[in-house]
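One structure is given below, encoded as structure tokens.
The values are calculated or read from the model by the stated rules, or taken from the named source; none is laboratory data. No experiment lies behind these values; they were computed from the predicted model shown. Every residue, glycine as well, gets a Cβ built from its backbone with ideal geometry; the counts of neighbours run over all protein chains shown. Note: areas computed on protein heavy atoms with side chains; ligands, DNA, RNA excluded. Shrake-Rupley method; radii C 1.70, N 1.55, O 1.52, S 1.80 Å.
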Amino acid sequence: MKWIKSQRLYKKAQELIPGGVNSPVRAFRAVGGNPLFIDKARGSKMYDVDGNTYIDYVLSWGPLILGHAHPKIVNALKKAAERGTSYGAPTPLEVELAGLILKAYPSMDKVRLVNSGTEATMSAIRVARGFTGRNKIIKFEGCYHGHADGLLVKAGSGATTFGVPDSPGVPKSYARNTITLPFNNIPLLKKLINKEWKDIACVILEPVVGNIGCVLPRPGFLETLRDITSEYGIVLIFDEVMTGFRVSYGGAQAFYGIKPDMTCLGKVIGGGLPVGAYGGRKEIMSMVSPEGPVYQAGTLSGNPLAVTAGIETLKILSKENTYKNLEQKAATLEKGLVDAAKKSGIKTKFYRAGTMFCTYFTDKDVFDYASAKLSDTKTFSKFFHSMLRRGIYIAPSQFEAGFISLAHTGKDIEKTVKAAYESFLEVK
Ligand code: KE4
């Protein structure tokens with residue numbers, strides 16, 4: 001593989017854009033080396049500016065569950081663009097997408113479209129605070145909900161329950177309202193809520209944590225969360241920006257049978273264009289302006305092109321057998337990767353929920369942020385580059401999830417498993 005044009009572009013990009021990228025994780029900082037600049041993509045494949053081909057398991061960090069440039073979506077977008085790109089006025093398309101979302105997520109009575117996952121979670125938290133009149137929020141270590149100030153917070157040191165900023169620019173006063181707990185830890189959750197519930201507006205979590213790789217909820221964790229938040233009038237927010245329409249058509253809430261009070265969506269519902277959404281029970285969503293007093297707005301919210309891509313994506317996903325087909329691909333890949341690791345003798349742990357998954361380079365169970373952090377990131381980085389040289393594009397960080405799409409073929413999976421076996425041997 002040669003990457004001359006990517007390197008040249010990266011050098012130029014760094015003079016114009018912070019870090020040369022428009023989102024930090026794309027810069028390959030966690031694995032070293034230079035990011036690839038992509039020329040085009042189709043189906044399961046991505047093609048960089050140097051003409052190299054990759055089987056893609058990043059899929060734009062989740063949205064492209066149908067694969068790249070799906071013909072139905074491309075054609076629908078061409079037609080939509082000819083009708084105009086934005087009106088700043090309501091359209092029938094938004095009504096159609098809202099209907100598709102609410103049908104798939106019966107825990108939601110109403111939904112508001114926004115432009116990103118960050119906007120969705122930021123807005124949902126504001127509404128939960130407005131609805132309860134309380135100020136504090138609980139999140140879990142390692143869960144990422146976008147870059148709103150109050151969410152860039154890490155656990156306070158020692159016994160203090162108050163958060164401290166996890167990025168410059170976040171005032172301490174914001175961080176103090178965010179309490180961070182370890183994922184899957186029921187005793188600590190119960191202890192904290194019993195003590196602080198009077199000023200806790202909401203608990204927000206990724207029901208399957210895709211931002212530390214792929215960490216599954218332990219049996220009873222989501223159920224306890226649901227019971228204790230109901231008991232104390234705390235709004236339970238499922239951030240399903242990544243798990244929505246990914247873990248199943250009805251997301252993690254359908255997969256695990258838990259009904260949150262509010263849900264945040266993104267990624268898949270835009271089919272690769274910028275769409276986020278938040279919704280919930282009608283008495284909560286009636287707080288949202290202009291129906292209610294909690295303000296939230298957006299020039300391009302419900303944008304006709306983005307919504308068209310979302311509608312076409314959900315229509316295809318809602319077809320009979322789609323998730324059976326996706327599950328068959330994901331299970332085949334899982335078996336291949338687990339067998340390859342075993343055969344190579346390297347120690348790994350593999351976790352999967354629907355079509356999102358992660359291989360950790362560790363021989364210990366991974367069930368939260370601290371245990372995920374024990375994995376060997378140096379070996380992961382070598383594995384990443386070894387796979388890249390073999391034409392397999394996985395997430396450039398041990399702490400990100402991998403995704404498979406409807407476009408990945410049996411041949412793609414075979415090639416991936418073979419490359420993984422060779423790479424495991426190379427790095428062990
Ligand atoms: P966006 O603002 O990036 O659309 O969504 C934020 C967000 C919210 N909630 C969850 C569970 C998410 O995973 C995300 C964004 N995910 C990252 C990948 N781990 C997006 C990639 C990036 O930051 O470039």
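Test residue 416 against the criterion of being part of a strand (DSSP E or B) and open to solvent by less than 50 Å² (accessible area, probe 1.4 Å), and give yes or no. Criteria not met by residue 416. Only a single criterion out of (1) open to solvent by 20 Å² or more (accessible area, probe 1.4 Å); (2) within 16 Å of the ligand (Cβ to nearest atom); (3) in contact (Cβ under 8 Å) with a residue 40 or more places away in the chain; (4) farther than 17 Å from residue 240 by Cα is not satisfied by residue 150, namely (3). Annotation note: of 311, 404, the sole residue that is in contact (Cβ under 8 Å) with a residue 40 or more places away in the chain, open to solvent by less than 30 Å² (accessible area, probe 1.4 Å), aliphatic (A, V, I, L, M) and assigned by TED's automatic domain parsing to the domain that holds residue 273 is 311. Regarding the stretch 191-200, can at least one residue be identified that is away from the ligand (no atom under 16 Å from the Cβ) and closer than 17 Å to residue 122 by Cα? Taking every residue of the stretch 191-200 in turn, at least one turns out to be away from the ligand (no atom under 16 Å from the Cβ) and closer than 17 Å to residue 122 by Cα. Residues of the stretch 130-147 that are open to solvent by 30 Å² or more (accessible area, probe 1.4 Å) and either part of a loop (DSSP other than H, G, I, E, B) or at pLDDT below 95 (or both): 133, 134, 135, 141, 144, 147.
Kindly indicate whether residue 405 is under 26 Å from residue 251 (Cβ atoms), polar (S, T, N, Q) and not in a helix (DSSP H, G or I). Here the answer is yes, as residue 405 does meet what is asked. When residue 122 is tested against the conditions (1) away from the ligand (no atom under 16 Å from the Cβ); (2) over 17 Å from residue 243 (Cα atoms), the lone failure is (1). Filtering the stretch 1-45 to residues that are part of a helix (DSSP H, G or I) and open to solvent by less than 70 Å² (accessible area, probe 1.4 Å) leaves 6, 10, 13, 19, 20, 25, 27. Here residue 263 fulfils each of the conditions (1) among the hydroxyl-bearing types (Ser, Thr, Tyr); (2) under 24 Å from residue 305 (Cα atoms); (3) surrounded by fewer than 23 Cβ atoms within 10 Å (Cβ to Cβ) apart from (3).
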